[in-house]
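The values are calculated or read from the model by the stated rules, or taken from the named source; none is laboratory data. Bear in mind the structure is a predicted one, so any value in this text is a computation, not a measurement. For neighbour counting, all protein chains shown are included, and Cβ atoms are generated from backbone atoms with ideal geometry for every residue, glycine included. The accessibility values were calculated without ligands, DNA or RNA, using every heavy atom of the protein model including side chains. Shrake-Rupley method; radii C 1.70, N 1.55, O 1.52, S 1.80 Å.
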Amino acid sequence: MTMHSATLAINETIQARKAAGEKVLHLGFGEAGLPVPDRTATVLAQAAGLNSYGAVVGSPAVREAAAGWFSRRNLLTGPDQVLFAPGSKPLLFALLAALPGDLVLPCPAWVSYAAQAAIVNKRVVDVPIPAESGGIPDPALLEQAISRARSKGAAPGVLVLTVPDNPTGTVVRPEHLREVCAVADRHGLVIVSDEIYAELCHDGRPAPSAASYLPERTVVTTGLSKSMALGGWRIGFARVPDNPWGTGLMRDLTGLASEVWSSLAAPMQAAAAYILADPVEVTEHITAARRLHATVAHAVHSEFVLAGASCRIPDAGFYLYPDFEPVRTRLGRQGITTGAQLASNLLTQHGVGVLAGEAFGDDASALRARVATSLLYGDSAEERWTALRSDDPLSLPWISASLEHLRGALATLTLHT
């Protein structure tokens, strides 16, 4: 039986606690936490009358818009290379269902990759991430992991990369990505490059893409849930290679889509066509979002480091992956020896919700957790707009109060004697 997604489960748990009147700092769910720009909302409202079924792959207009969007980001793309879906998660699942071979996966990695592989009866070959960043396997360990898996009867065929990364909030160095792509090429692997956070690199530079290094066998998936905070609108799209293999894969994906989701809702296609044309309102909104994500993520990072945890400095998005190994002895005195116990203690004793690293495939005994900072921007649309437009969001009362809550919780947790 398939388990409830860990990220959705913790969100529902925390929301229920808050509804019951508990004070909980929600750091457990990767929702982008920002309001919808006015013009974007207007475009969707004006498309409300589009209530007919459309083409499975998406309308000509939205595919053309997506092709232009990719091409402006240095991936020359034609409309026939693009497929839309109600979110990128169904596309990732369809790819795992359509592509032959077992899944090679960085560890830790987003919770749904391994879960989806299990649903379609694929084995998972875990490979540790490099020390400095996540989202890709350690290049030095990847080749031997593939060989070892084959010797044990596995058939590695698909390598999933996440650039930028969830759960660590980091961006791989291009040279490491190039090495990983070279290994994938030698072993005939298909790369599925999940680039849902690519618009949110804190320095504003584009994230590297595997499609630049292994263009003939890389499929890119992305969507608008993170860059535009439209998770509830469920807009995802994928780009397949411009070659006979890509054409065949598009045919297979279209067949799967036709039996599972039919097509992305027509009003959402209209909204996507508008957004993917990169109008000024959209680009300015994403720039402001990027700045806010960076400011708050770095402030939260400082709190964890101050409490004695080690943690990679975030490069993109709104995630952190602190490791409490340096204070294991102190935590052990409280009976905390695993990531799950750490997350449970933070929630029940300190009102701080995080997700244990175990949910991302990490070692259960590791004192690591994924922290999402994007729900600190406010509880109302007004507060979120204020945070987005502020030159000093950390001084806003609701954000500063959240940081104080976190600081006090971590101090109490880690200074225990």
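Indicate the gyration tensor shape class of the stretch 111-182 (rounded, prolate or oblate), computed on the Cα atoms with a ≥ b ≥ c the square roots of the eigenvalues: a/c under 1.5 is rounded; otherwise a/b larger than b/c is prolate and the rest oblate. Don't skip to the answer; put the middle values down first.
Details: a/c = 2.35, a/b = 1.32, b/c = 1.79.
In terms of gyration-tensor shape, oblate.
Over the Cα atoms of the stretch 39-104, Rg to Rh with Kirkwood Rh, two decimal places?
Working: Rg = 14.8 Å, Rh = 14.1 Å.
That ratio equals 1.05.
How would you classify the stretch 154-201 from its alpha-carbon gyration tensor, with a ≥ b ≥ c the square roots of the eigenvalues: rounded for a/c under 1.5, else prolate if a/b is greater than b/c, otherwise oblate?
Details: a/c = 2.63, a/b = 1.75, b/c = 1.50.
Judged from the Cα gyration tensor, the stretch 154-201 comes out prolate (a/c at least 1.5, a/b above b/c).
Which of the DSSP-defined H helices in the chain satisfy a minimum axial length of 30 Å, computed from C-alpha atoms, and a minimum mean Kyte-Doolittle hydropathy of -1.0? Before the final figure, lay out the partial values.
On the way: long enough: 280-306 (39 Å, 0.36).
Result, helices passing both filters: 280-306.
I want to make sure I understand the PRE zone here: with the label point 7 angstrom from the Cα of residue 48 toward its beta carbon, which residues in the stretch 232-264 have backbone N atoms less than 19 Å away?
232-234
Choose one answer from 188, 134, 30: the residue with the largest mean-square fluctuation in a GNM of the chain with alpha-carbon springs under 10 Å.
188
How large is the dipole of the stretch 13-172 about the Cα centre if only Lys and Arg carry +1 and Asp and Glu carry -1, each at its Cβ, rounded to the nearest 20 debye? Before the final figure, lay out each step's value.
Values: 13 positive and 11 negative charges, 54 e Å.
Charge dipole, the stretch 13-172, about its Cα centre: 260 debye, nearest 20.
Express in whole angstrom the spacing between the alpha-carbon centres of the stretch 80-112 and the stretch 148-176.
13 Å
Enter the Cα centre distance for the pair the stretch 378-417 and the stretch 333-370, rounded to the nearest angstrom.
21 Å
Based solely on its DSSP helices, what 222 nm [θ] is calculated for the chain when runs of n ≥ 4 H residues each add -39,500 (n - 2.57) and the sum is averaged over all residues, nearest 500 deg cm²/dmol? Walk me through the intermediate numbers first.
Numbers: 14 runs with 180 residues, N = 417.
Value at 222 nm, helices only: -13500 deg cm²/dmol.
Could you sort 291, 63 by accessible area so the largest value comes first, with the probe set to 1.4 Å?
Values: 291 125, 63 40 Å².
Ranked list, largest accessible area first: 291, 63.
Would you look at the GNM of the chain, springs on alpha carbons closer than 10 Å, and say which of 346, 264, 50 moves the most?
50
How large a share of the accessible area of the stretch 233-381, in percent, is made up of carbon and sulfur atoms when the probe is 1.4 Å and the other protein chains stay in place?
Values: 2890 of 5430 Å².
Result for the stretch 233-381: 53 percent of the exposed heavy-atom area is carbon or sulfur.
Using the Cα centre as the reference, give the magnitude of the dipole from point charges on the C-beta atoms of the stretch 50-277 (Lys, Arg: +1; Asp, Glu: -1; all else neutral), rounded to the nearest 20 debye.
In debye, rounded to 20, the stretch 50-277 gives about 260.
In a Gaussian network model over the chain where Cα atoms closer than 10 Å are linked, find which of 151, 310, 258 has the largest mean-square fluctuation.
Result for the chain, Cα springs under 10 Å: 151 fluctuates most.
Take the Cα gyration tensor of the chain, multiply each eigenvalue by 5, square-root it, and list the three semi-axes largest first, rounded to whole angstrom. Mind showing how you got there, number by number?
Working: eigenvalues 222, 153, 68 Å².
They are 33, 28, 18 Å, listed from largest to smallest.
How compact and how long is the stretch 159-296, expressed as Rg and Dmax of its alpha-carbon atoms in Å?
According to the Cα coordinates of the stretch 159-296, Rg and Dmax are 16.1, 45 Å.
Using the Cα centre as the reference, give the magnitude of the dipole from point charges on the C-beta atoms of the chain (Lys, Arg: +1; Asp, Glu: -1; all else neutral), rounded to the nearest 20 debye. Before the final figure, lay out the partial values.
Working: 33 positive and 39 negative charges, 117 e Å.
Charge dipole, the chain, about its Cα centre: 560 debye, nearest 20.
Relative contact order for the stretch 1-145: what percent, with Cα pairs under 8 Å and sequence separation of 6 or more?
Values: 117 pairs, mean separation 22.4, N = 145.
Computed over the stretch 1-145, the figure is 15 percent.
Given all pairs of different Cα atoms, what value in angstroms does the Kirkwood hydrodynamic radius of the stretch 18-139 take?
On the way: mean 1/r = 0.0540 Å⁻¹.
That comes to 18.5 Å for the stretch 18-139.
In terms of solvent-accessible area of protein heavy atoms at a 1.4 angstrom probe, what is the ranking of 399, 129, highest value first?
Working: 399 0, 129 20 Å².
Greatest to least solvent exposure: 129, 399.
May I ask for the net charge around residue 291, where only other residues with Cβ less than 12 Å from the Cβ of residue 291 are counted and Lys, Arg are +1 while Asp, Glu are -1? Provide the component values of the computation, followed by the final result.
Numbers: positive: 290, 389; negative: 203, 284, 391, 392.
With Lys, Arg at +1 and Asp, Glu at -1, the net is -2.
Tell me, what is the Rg over Rh of the stretch 322-417, with Rh the Kirkwood radius over Cα pairs? Don't skip to the answer; put the middle values down first.
Details: Rg = 15.3 Å, Rh = 14.5 Å.
Using only Cα positions, Rg/Rh for the stretch 322-417 is 1.05.
Rounded, prolate or oblate: which one fits the stretch 179-250, using the alpha carbon gyration tensor with axes a ≥ b ≥ c (rounded when a/c is under 1.5, else prolate when a/b beats b/c, else oblate)? Write down the numbers at each step before the final one.
Numbers: a/c = 2.86, a/b = 1.49, b/c = 1.92.
Here the stretch 179-250 falls in the oblate category.
Round to a whole number: what % of the accessible area of the stretch 187-227 belongs to carbon and sulfur, probe 1.4 Å?
Details: 550 of 1150 Å².
Carbon-and-sulfur percentage of accessible area, whole number: 48.
May I ask for the percentage of alpha-carbon pairs in the stretch 50-277 that lie more than 27 Å from each other?
Working: 7225 of 25878 pairs.
Value for the stretch 50-277 (Cα pairs over 27 Å): 28 percent.
Distance between the C-alpha centers of the stretch 214-247 and the stretch 45-74? Whole Å please.
13 Å
Per residue, how much accessible surface does the stretch 161-313 expose to a 1.4 Å probe? Answer in Å², no decimals.
Values: 5300 Å² over 153 residues.
It amounts to 35 Å² per residue over the stretch 161-313.
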